[in-house]
1. Within the chain, which whole H helices from DSSP have a Cα span along their axis of at least 24 Å and a mean Kyte-Doolittle hydropathy of 0.0 or more, if any?
2. Assuming a ≥ b ≥ c are the square roots of the Cα gyration tensor eigenvalues, decide whether the chain counts as rounded (a/c under 1.5), prolate (otherwise, with a/b larger than b/c) or oblate.
3. Long-range amide H contacts for Ala126: which residues qualify at under 5 Å (H placed 1.01 Å from N, peptide plane, sequence gap of 5 or more or a different chain)?
4. What distance in nm separates the two pseudo spin-label positions at Ala73 and Arg292, each 7 Å out from Cα along the beta-carbon direction?
5. Classify the range 48-90 from the C-alpha gyration tensor, please: rounded if a/c falls under 1.5, else prolate or oblate depending on whether a/b exceeds b/c.
6. What ratio of Cα Rg to 2.2 N^0.38 Å holds for the range 201-348?
7. If you count only protein heavy atoms and use a 1.4 Å probe, how large is the accessible surface of Thr134, to the nearest 10 Å²?
8. Quick check: Cα centre of the range 172-244 to Cα centre of the range 316-348, how many Å?
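The values are calculated or read from the model by the stated rules, or taken from the named source; none is laboratory data. This structure is a prediction, so every number in the text was calculated from the model and none was measured. Cβ sites come from the backbone with ideal geometry, for glycine too, and all protein chains shown count toward neighbours. Side chains are part of the model used for accessible areas, which takes the heavy atoms of the whole protein and leaves out ligands, DNA and RNA. Shrake-Rupley method; radii C 1.70, N 1.55, O 1.52, S 1.80 Å.
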Amino acid sequence: MIWELAGSAAVAGAISLVVCLLLIRRGPVDLPNEQRKAHQAPTPTSGGIGIGAGYAVGLLVLWRFAEQTTFNAQGAALAALASVFAIGFLVVGFIDDARHLGPRTKMFWFTLLSLGASITMGVVDALPVSPNHTVRLGFMLGLFGTSLWVFTLVNCANFMDGANGLSMGSMAVGLTALGAIGYAGGSNSTLAMCFCAAGALAGFLVFNFPKGRIFAGDSGALFVGAIAALGALVAIARAGVSPFIPPILFMPILADALLTLAWRVKHGHSLLVGHREHLYQIAMRAGWSHTRVSLLYWALMALCGVLGFALSHSDDPSHAWIALLAVAGLLLAASILVRKYARTHGMS
């Protein structure tokens with residue numbers, strides 16, 4: 001399994017690299033026509049096409065050459081469903097890259113895809129909170145929560161895609177941790193999804209980090225966010241992973257995006273208008289380079305990944321939700337301090 005997985009990830013990276021190279025030469029271009037955008041020259045975009053192509057080919061190669069006993073039918077079916085819905089997000093993102101869909105149109109399709117994925121892949125309706133107690137949500141509340149998880153992570157991955165390598169590199173780190181957790185829990189399908197996606201991201205990052213020769217675009221950010229969110233559902237269903245662990249793995253991305261939205265609501269700003277108020281954007285206004293900002297987020301993601309992996313081996317379910325609250329609290333405190341610094345130094 002290990003050698004087949006490594007080969008498939010390498011294939012995913014190679015395909016992604018080649019397609020991204022073609023997109024650099026012939027693909028759509030992102031113009032620096034909005035204040036929120038950090039680049040100053042027209043730049044090839046829709047690197048998500050390369051990431052998606054690499055992922056799909058890598059996964060097909062793995063399923064073709066791995067031993068028949070490597071994947072059970074249910075796990076493979078869930079991974080296939082997750083991949084189909086992730087490609088749906090990619091298509092919406094590519095159309096937005098090419099024609100600029102309105103925010104309400106995108107929200108409609110995101111909601112529809114999130115609901116469809118949750119219903120067909122399985123609703124998370126049980127939250128283990130202690131060794132002897134599990135909170136039962138019921139179908140409707142579970143459907144709302146599961147769909148909200150998919151919708152939120154997909155959008156957060158997109159919101160944070162504003163510095164070379166930040167979002168896509170961070171998601172690659174989170175996916176690696178999720179794949180390792182799934183594998184430790186006996187879900188080879190989770191491992192396959194996550195490592196093929198990470199391999200495809202590596203091929204894209206060759207051109208994106210640190211020079212920004214191509215952007216992932218909405219197609220890439222939405223696709224990768226969907227793979228992460230839906231891969232987490234596979235891990236919960238097939239590896240028995242606590243539903244509280246996946247948010248820990250992606251908390252640096254989730255916290256920056258969600259706390260920024262909360263800050264905008266508090267100050268009466270529209271959520272449908274582009275802006276430059278994320279923590280990473282404040283850091284860049286303070287003089288940090290794309291590389292420095294991205295490496296910081298990668299390091300935070302790695303720490304969360306190690307924590308999540310350790311929690312997945314705990315026999316006490318309460319450890320997961322307590323850790324989730326603790327990590328969220330630390331990042332909330334960091335957000336408050338950064339925004340206070342930005343305000344006092346005229347960078348708000």
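1. Correct list, ordered by number: 2-26, 48-65, 73-99, 103-121, 139-159, 166-184, 188-208, 217-239, 290-312, 318-344.
2. Oblate, since a/c reaches 1.5 and b/c is not below a/b.
3. Leu137
4. The two pseudo-label positions are separated by 5.7 nm.
5. Working: a/c = 4.89, a/b = 1.52, b/c = 3.21.
The shape class here is oblate.
6. Details: Rg = 16.9 Å, N = 148, 2.2 N^0.38 = 14.7 Å.
Working it through for the range 201-348, the quotient is 1.15.
7. Its heavy atoms expose roughly 50 Å² to the probe.
8. 24 Å
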